[in-house]
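Okay, so here's the structure we're looking at.
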Amino acid sequence: MWWSLKELIAPEPVQKQPVVAWGRAGSGGEEGAKLTDLSSEGWPVASTQKDPTDFDEKLGTSPGVWTGGEMANPVPSACCVVLAAVVVVYAQRHSQQDSHIQYERVGADVTMKCGSMDWDAAVTWTANGTDIDDSHLNGSYLILKNVDLTQSGQYSCYEGSSWHLKYQTYLRVGTPPKEPVLMCRSNNYPKGFYCSWHLPSPTYIPNSFNISVIHGTREMVCEKDIFPKNRCHIRYLQLFSTVKYKVTLTVTNALGKNSTSLTFDEFAIVKPDPPESVVAKPVPNNPRRLEVAWQNPSSWPDPESFPLKFFLRYRPLILDQWQHVELSDGTSHTITDAYAGKEYIIQVAAKDNDIGTWSDWSVAVHATPWTEEPKHLTTEAQITETTSTSTSSFVPPPTTKICDKGAVVGSGAVAVCWTAGLVLAAYGVLFI
């Protein structure tokens, strides 16, 4: 029950208003037992007496009610009462509104009623704070035809010109779920296996998933991972069992539900993770060899009791065709037929020796076989070329004449000079 301001505020002639505690005297123990004094907070305390008209002239209170003290100044208390009344009225008004989430399928026709308002009442609708055109109204009802994802949002209905909020809903447009995709795999055999799932297409609204695992007639617990959320783990309770497992996944949302199931043997889902730390490097002085090494996947718990075999593939980057090598043991291999000087891409996969399927390929690594370093020496051809260039170079003629009288001394000098000239002329004629 809520009291009016008139009942809570003392009459104007009263200068000092006592603060009273509600309840009959003796209801909390002996008569006159003190209650918590709320006057220090500036709040008056109301009474639930049957006859509040009885008045004690000395104390200004009803008989049998203990007074917690007198308020020195009634003005702050009155302001607090007014504020409290406003808060109460606001809470009462908003508590009467309908506010919820409404889910609708893509392409559906949607009708929204304005709370308890009559069909012919004057109302205004908004979508995400924007007024909706009256062409979408049928009386006070909002009609949305063939809704799509863009029409998701908050819809509000206000009463006439007073703009009192009468109804509010959040419309979420989506689709019912399609059949989910379910996969189960054991990458840490023989500890257990995990199942993961996803939807083939989004629904645009929240979905919930429920998974059940049955081994024969016994239901097993599937412990859900924190991350990723769409995965759970099951521990093997019995190894080498021939009894099949059945896993059923059901997905549900506000617009519908769907499900799928898998039935399998324990051995059929064994699939290790890819090998780790794959390294490839050239072999010195061997232009056609590459050394490749790797490690067992860290998730494989017992490689001694459950050894793995490996599958290696490699190819030069210039070709599309892979070459393959299957290895029954060991974590290394030497490629002996590589093309000299060509860059190779190399990957490795793993599998249990006896059961299950091959892992996915490891991360690809690249390597190039060893090549001989070029020698920085002058070749014979370079020497020949240099000699030929030197001998064919142009030699300018001498500036001094062969027979220079001034350069020859003696009586026989002229004869020698002319003789030498004749010899040179004859030699030139022979070679023309």
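Evaluated with a Cβ-only charge set (Lys, Arg +1; Asp, Glu -1), region 101-174 carries a dipole of roughly 280 debye about its Cα centre, given to the nearest 20. Rolling a 1.4 Å probe over the protein chains gives Asp131 an accessible area of about 100 Å². Between Asn230 and Gln321, the simple label model (points 7 Å from Cα in the Cβ direction) yields a spacing of 4.0 nm.
For region 276-367, the share of accessible area belonging to carbon and sulfur comes to 45 percent (1.4 Å probe, ligands and nucleic acids excluded).
All other residues whose Cβ lies under 11 angstrom from that of Val173 are scored, Lys and Arg at +1 and Asp and Glu at -1, for a net of 0. Rounded to the nearest 0.05, what FRET efficiency do Gln102 and Asp302 have when you use their Cβ-Cβ distance and R0 = 56 Å? Calculated value: 0.55. Sparse packing (at most 15 other Cβ atoms within 10 Å of the Cβ) combined with a DSSP loop state is found for the following chymotrypsin sites (Phe, Trp or Tyr not before Pro) in region 234-280: Phe240. Charge dipole of region 146-300 (Cα centre as origin; +1 on each Lys and Arg Cβ, -1 on each Asp and Glu Cβ, all else neutral): 280 debye, rounded to the nearest 20. Charging the Cβ of each Asp and Glu at -1 and of each Lys and Arg at +1, and nothing else, the dipole of region 181-264 about its Cα centre rounds to 120 debye.
The simple spin-label model puts a point 7 Å past each Cα toward its Cβ; for Ile345 and Ser259 those points are separated by 4.4 nm. I need the Debye-formula profile for region 181-264: one equal scatterer per C-alpha, no solvent, reported as log10 I(q)/I(0) at q = 0.25, 0.26 1/Å, two decimals. After summing over all Cα pairs, the log10 values are -1.34, -1.43. Surface calculation, 1.4 Å probe, protein heavy atoms: His324 sits at approximately 100 Å² accessible.
The simple spin-label model puts a point 7 Å past each Cα toward its Cβ; for Val221 and Asp134 those points are separated by 6.4 nm. Between the C-alpha center of region 112-146 and that of region 320-374 there is a gap of 69 Å. Per residue, the convex hull around the alpha carbon atoms of region 264-325 comes to 135 Å³. Of the residues Gln295, Tyr339, His366, the one whose Cα sits farthest toward the positive end of the charge dipole of region 276-367, with +1 on the Cβ of Lys and Arg and -1 on the Cβ of Asp and Glu, is Tyr339.
The values are calculated or read from the model by the stated rules, or taken from the named source; none is laboratory data. These numbers were taken from a predicted model, which means no experiment stands behind them. All Cβ positions, even for glycine, are placed from backbone atoms using ideal geometry, and neighbour counts span all protein chains on display. Surface areas here come from the heavy atoms of the whole protein model, side chains and all, with no ligands, DNA or RNA. Shrake-Rupley method; radii C 1.70, N 1.55, O 1.52, S 1.80 Å.
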